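The values are calculated or read from the model by the stated rules, or taken from the named source; none is laboratory data. Just so we're clear, the structure is a prediction, and the values are computed from it rather than from any experiment. Neighbour counts are summed over all protein chains in view; Cβ atoms, including those assigned to glycine, are modelled from backbone coordinates with ideal geometry.
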Amino acid sequence: MLHYAATADDLLRSRFALSPAFELNGLLRRLGRDDAPLPDGWAARLAPAFARLRRETALDAVLALCTGSAGANFIAPPPRGLAQTWADDLRAVRATPLSVARAEIGRLERRAPVRTPRVRELLDSDDVVHLIGDALDRAWNDLLAYDWPRLRAICERDVVHRVGVIGERGWQEAIAGLDQGLAWSGPGLRVPLRSENRVVDLSGEGLLMVPSVLLWPGMAVFYDEPWPKALVYPARGTAALWERTAPSPDVQATLAALLGRSRARLLTELGTPASTTQLSRGLGMAPGAVGDHLAVLRASGLLTRARAGRTVLYRRTALGDALIEGAG
């Protein structure tokens, strides 16, 4: 059990951030293990590119540093805010001093020595930071860039939802709703982690909250440099992404014939609330077109909308749910 000791000042200084690099590390861990599945047939879709990258780049060295509980920090630098991009993370990776990289590699090797000659050679190279940066950039572009707008939209929806909860009921309610095992105990937050048993004082720095899709269904904590004290948690809506099955071709055809293909896609997507911008990113549609289609769907009684802070969120009505169920 981990206990974050917090004061009122810590709650005032707590904030949210997104981490593209953390999501890439999560994807690589899952692709490199047989016991960590991916949703919606991602593994089959990405397997050829993953195998090619392992042959052509230093990706196997990256995989050696992507351990489940204590991976190298320099391949997943701490995020600074909600506008974090892969370009930001890649710059931080490439700026890692060789001495820092060697220290982190050595720490991991004391736990799990690397015995593969090719990986050993890559990790011992004076160009290890450059090689790993190139491998991560290729992995991002070949494996995650296509899906990132959708994953980012899920994380952004989570933040909008939790900011609304904070405004209505406070930080305690927003954090306690992340997981059934999370609980406020005395002046702090109790995190149910079997691998950790300690008290960490937030010391007035606050807690960095990072929603994740590819961490699901667990949580991760950070309390050592270079990361600030942080909690990475499954974003709201992640379970639906992993557990749901896409509508069958017959259902999609029925909805498209009735509503048009774009409106059918939007209606299917809005089982969880989303903004126009999030839908545009996630579905690869122009914001203006999304807005026009949402207006028609709302006027037809299939969607409703509500304001959360400065953001307007749309979601299906009971009539919209019934239409999708009836099409099936």
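Given the criteria farther than 28 Å from residue 42 by Cα, assigned by TED's automatic domain parsing to the domain that holds residue 231 and out of contact with any strand residue (DSSP E or B) (no Cβ under 9 Å at 6 or more places or on another chain), does residue 169 qualify? So residue 169 passes the test. Within the stretch 122-144, can one find any residue that is more than 26 Å from residue 226 (Cα to Cα) and under 20 Å from the mean Cα position of the chain (by Cα)? For the stretch 122-144, residues more than 26 Å from residue 226 (Cα to Cα) and under 20 Å from the mean Cα position of the chain (by Cα): present. So which residues in the stretch 282-328 are surrounded by 13 or more Cβ atoms within 10 Å (Cβ to Cβ) and part of a strand (DSSP E or B)? Answer for the stretch 282-328, where residues must be surrounded by 13 or more Cβ atoms within 10 Å (Cβ to Cβ) and part of a strand (DSSP E or B): 303, 304, 305, 308, 311, 312, 313, 314, 315, 316.
If I filter the stretch 270-281 down to residues being touching a helix residue (DSSP H, G or I) at 6+ places or on another chain (Cβ under 6 Å) and either part of a helix (DSSP H, G or I) or of a type in the set (Asp, Glu) (or both), which single residue comes out as modelled with the lowest pLDDT? Residue satisfying both the conditions and the ranking: 281. Criterion applied to 151, 65, 144, 122 was being among the aliphatic types (A, V, I, L, M) and modelled with pLDDT under 90, and the one residue passing it is 151.
Considering (1) at pLDDT 95 or above; (2) assigned by TED's automatic domain parsing to the domain that holds residue 230, the lone condition that residue 89 does not fulfil carries the number (2). Checking each residue in the stretch 14-62 for being of a type in the set (Val, Ile, Thr) and outside any helix (DSSP H, G or I) picks out only 57.
Within the stretch 260-279, the residues that satisfy the criterion of being farther than 14 Å from residue 313 by Cβ and free of Cβ contacts under 8 Å to residues at least 40 places away in the same chain are 260, 261, 262, 263, 264, 265.
Counting only strands (runs of 3 or more DSSP E) wholly contained in the stretch 110-223, the ones carrying 2 or more residues that are surrounded by fewer than 17 Cβ atoms within 10 Å (Cβ to Cβ) occupy 198-201. Would you confirm, using the coordinates I've provided, whether residue 305 is basic (Lys, Arg), in contact (Cβ under 8 Å) with a residue 40 or more places away in the chain and in contact with a Leu (Cβ under 7 Å, 6 or more places away or on another chain)? Considered against the rule, which asks whether it is basic (Lys, Arg), in contact (Cβ under 8 Å) with a residue 40 or more places away in the chain and in contact with a Leu (Cβ under 7 Å, 6 or more places away or on another chain), residue 305 comes out as no. Residue 11 falls short on exactly one of the conditions (1) touching a helix residue (DSSP H, G or I) at 6+ places or on another chain (Cβ under 9 Å); (2) in the same structural domain as residue 128 (by TED's automatic domain parsing), and that condition is (2). Residues that are more than 30 Å from residue 278 (Cα to Cα) and of a type in the set (A, V, I, L, M, F, W, C) within the stretch 79-108 comprise 95, 98, 100, 101, 103, 105, 108, listed in sequence order.
One residue alone among 83, 5 is farther than 19 Å from residue 214 by Cβ and within 20 Å of the chain's Cα centre (by Cα), and that residue is 83. Output yes when any residue across the stretch 57-72 is surrounded by 16 or more Cβ atoms within 10 Å (Cβ to Cβ), without any contact (Cβ under 8 Å) to a residue 12 or more places away in the chain and outside the structural domain of residue 165 (by TED's automatic domain parsing), and no when none is. No.
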